[in-house]
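> One structure is given below, represented as structure tokens, and several questions about it will come after.
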Amino acid sequence: MLRSELKAGIDYAFREKRVLGCPLARIKLIAHVRGNRWKAKWIDTHPGLVDYVTTAQIIAPWSEQKGFLREEKELAELREYNLEHGYDGNFPICEALQQVFESVQDELSYDHGVLRTTLAPLNRLRTRSGLSEYALRSPAFQSRDGSLRLPQDQAEELARSFCRTEPAPVLISIETTERNWSVDVARPGNEYLVPLLNQYRASWAIIRQWCGSDAAVAERDKRIELLERLVWDAIYSLQKAGSESEAARLRRAIDRR
């Protein structure tokens, strides 16, 4: 828990070591000492004991300890499910998923084989991806705060569907990043970025594959053509308004393409 969330006089679940399965003890916070240290009184395991604890050892309000343990168990089962179904933390695939969900620009985040979101943004993305509304499927689960945790295979299924349906947002994002990084790598002294760029190129190749290369290229070219038409319209408008220098600057930019 965060220090700002803690209050003296409230009972909390305490865990001496932040290790999965380590038992919880019930404590009552007496007062904040300094920094992340609190003075606390033990309620059950060592009744009456007064000692100092750190913020990191305070797991949840005692009233929520059963829910916390249930979530901890469900998350462990989800991670075990991922391992049983081939998840190995493979960087290109994991990075590809992370970039796809970032390009959605909604309340979804992917990390280490787990997609975290809530039902509303999840269903918005599923609608955009041509999928039906989400029905909770094990080992996915809903946590105490209402957020959903989905396993690797469900996250990948959703990402692939989105890439097929709306390749443009994803492709524009990765191509912009690749272009900018390629320019940075070419500058003297930035050779150390080459391995990182190559590492990410593997994930970009996966994303392009998910998008479908032919459809993706066609969609990209269509958007480029539209943007060029808009730029030419702007050039003509600038010329009519007497802004020849600005019109010439845009024309040079188009000619360099």
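The values are calculated or read from the model by the stated rules, or taken from the named source; none is laboratory data. Source: prediction; values computed, not measured. Don't worry about glycine lacking a Cβ; one is built from the backbone with ideal geometry, like all the others, and counts go over all protein chains shown.
> Kindly evaluate Gln99 against the criterion of being touching a residue at least 60 places away in the same chain (Cβ under 8 Å) and within 22 Å of Ser147 (Cβ to Cβ). Working first, answer last.
Numbers: touching a residue at least 60 places away in the same chain (Cβ under 8 Å): yes; within 22 Å of Ser147 (Cβ to Cβ): yes.
So Gln99 fits the description; yes.
> In contact with a helix residue (DSSP H, G or I) (Cβ under 9 Å, 6 or more places away or on another chain) and buried (at least 20 other Cβ atoms within 10 Å of the Cβ): is that true of Pro121 in this structure?
Taking the combined requirement at face value, the residue does not satisfy it.
> Turning to a different aspect of this structure: What number goes with the only condition from (1) at pLDDT below 95; (2) outside any loop (DSSP other than H, G, I, E, B); (3) within 23 Å of Leu148 (Cβ to Cβ) that Met1 does not pass?
All conditions pass for Met1, except number (2).
> Which condition number in (1) assigned to a helix (DSSP H, G or I); (2) at pLDDT 95 or above is the one that Trp38 fails?
(1)
> Does any residue of the stretch 81-97 turn out to be in contact with a His (Cβ under 8 Å, 6 or more places away or on another chain) and not assigned by TED's automatic domain parsing to the domain that holds Ser147? Break it down stepwise before answering.
Of the stretch 81-97, the ones in contact with a His (Cβ under 8 Å, 6 or more places away or on another chain) are 89, 94.
So of that shortlist, the ones also not assigned by TED's automatic domain parsing to the domain that holds Ser147 come out as none.
For the stretch 81-97, residues in contact with a His (Cβ under 8 Å, 6 or more places away or on another chain) and not assigned by TED's automatic domain parsing to the domain that holds Ser147: absent.
> Moving on. Would you pick out the residues in the stretch 42-73 that are closer than 16 Å to His32 by Cβ and crowded, with 18+ Cβ neighbours inside 10 Å?
Val53, Gln57, Ile58
> Which one is nearest to the chain's Cα centre (by Cα) among residues in the stretch 138-159 that are among the charged types (D, E, K, R) and over 17 Å from Pro121 (Cα atoms)?
So the first thing to find is which residues in the stretch 138-159 are among the charged types (D, E, K, R), and the list is 144-145, 149, 153, 156-157.
Now drop any that are not over 17 Å from Pro121 (Cα atoms), which leaves 144, 153.
Working: Arg144: 20, Asp153: 16 Å.
In this case the residue turns out to be Asp153.
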